[in-house]
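Report on the structure given below.
Every number in this text was worked out from the coordinates using simple rules, so none of it is lab data. In this text the structure is predicted, and so the values were computed from the model without any measurement. Virtual Cβ from ideal backbone geometry, glycine too; neighbours counted across all protein chains shown.
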Amino acid sequence: MTTPPLILASQSPRRKVILESLGLTFSIQPAHVDETPLRAEAPLAYVRRVARAKAVALAGQNPGHVVVAADTPIICRRRIIQSPATRKEAHAMLRAQSNRRVHIPTAVCVVDARGKVHEAVSQNWVKLRQLTDAEIEAYLANDANWKGIAGALQIEHPVCQTWIPTVHGSHSGILGLPVYETVKLLKRAGITC
């Protein structure tokens, strides 16, 4: 039996590295879907909907392929925090997360070569210590630290690691592609890692 070609529906360098670590051969084809939360949409419903929309959109364009997509927002005080557009917005996001437990779920959606959808959610949390404005500003001085990063919180950054005393859940899930769930879903789609 031939293994169908695999597509990662993401430009995320973290997701690429995680999928490569599983020894898989795949192509990268970002999915362009509207990620605007729907009115009164619950955060977990949002993350599932967006991951599914990405996977289904690319599967429709690539019949006979297996598509893996994911979405990883930051949820603070039951609100979805997207990527900041400005440094001022990034500062406000980090200030809101300061001294709080932050929810970082990752929804993974795999569409198999026959078009069947397989889904899972990795539930993850981090606790941030109290952050000073000076710490936040020093971190934000380098645009690469926060641009394109949900909640401006780049978990693997050495500075951010000093801000997080407690982590619950999957490290790979926090980074954007939970290995346990992804391997399980790919196996259902006929791809063995």
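Full extension of the chain segment joining residue 143 with residue 16 gains 43.6 nm, where the gain is 0.36 nm per residue of separation less the Cα-Cα distance. Compute the helix-to-body angle for 179-188: its Cα long axis versus the longest principal axis of the chain, expressed 0 to 90° and rounded to tens. Around 20 degrees separate the two axes.
Look at the alpha carbon pairs under 8 Å that are at least 6 residues apart: their mean separation over the length of the chain gives a relative contact order of 23 percent. Working ranking of peptides 185-192, 134-141 by packing, defined as the average number of other Cβ atoms within 10 Å per residue, highest first, is 185-192, 134-141. Charge tally for residue 8 (other residues, Cβ to Cβ under 9 Å; Lys, Arg +1; Asp, Glu -1): +2.
Angle between the Cα long axis of helix 43-61 and the longest principal axis of the chain, 0 to 90 degrees, nearest 10? Orientation of helix 43-61: about 40 degrees from the principal axis. Once the Cα-Cα distance is subtracted from the 0.36 nm per residue extended length, the residue 77 to residue 134 segment shows a gain of 18.2 nm. If you take every residue apart from residue 101 with its C-beta less than 11 Å away from the C-beta of residue 101, what net charge results, scoring Lys and Arg +1 and Asp and Glu -1? Summing Lys and Arg as +1 and Asp and Glu as -1 gives +3.
Less than 14 Å Cβ to Cβ from residue 88, Lys/Arg counted +1 and Asp/Glu -1: what total charge do the surrounding residues give? So the environment of residue 88 carries a net charge of -1. The packing ranking of peptides 31-38, 70-77, 14-21, highest mean first, is 70-77, 14-21, 31-38, where packing means the average number of other beta carbon atoms within 10 angstrom of each residue. Would any residue of region 151-193 have its amide N under 17 Å from a label point 7 Å out along Cα→Cβ of residue 95? List them or say none. The answer is 151-153.
Lys-Lys pairs in the chain that are eight or more residues apart or on separate chains and whose Cα atoms lie under 15 Å of each other come to 4.
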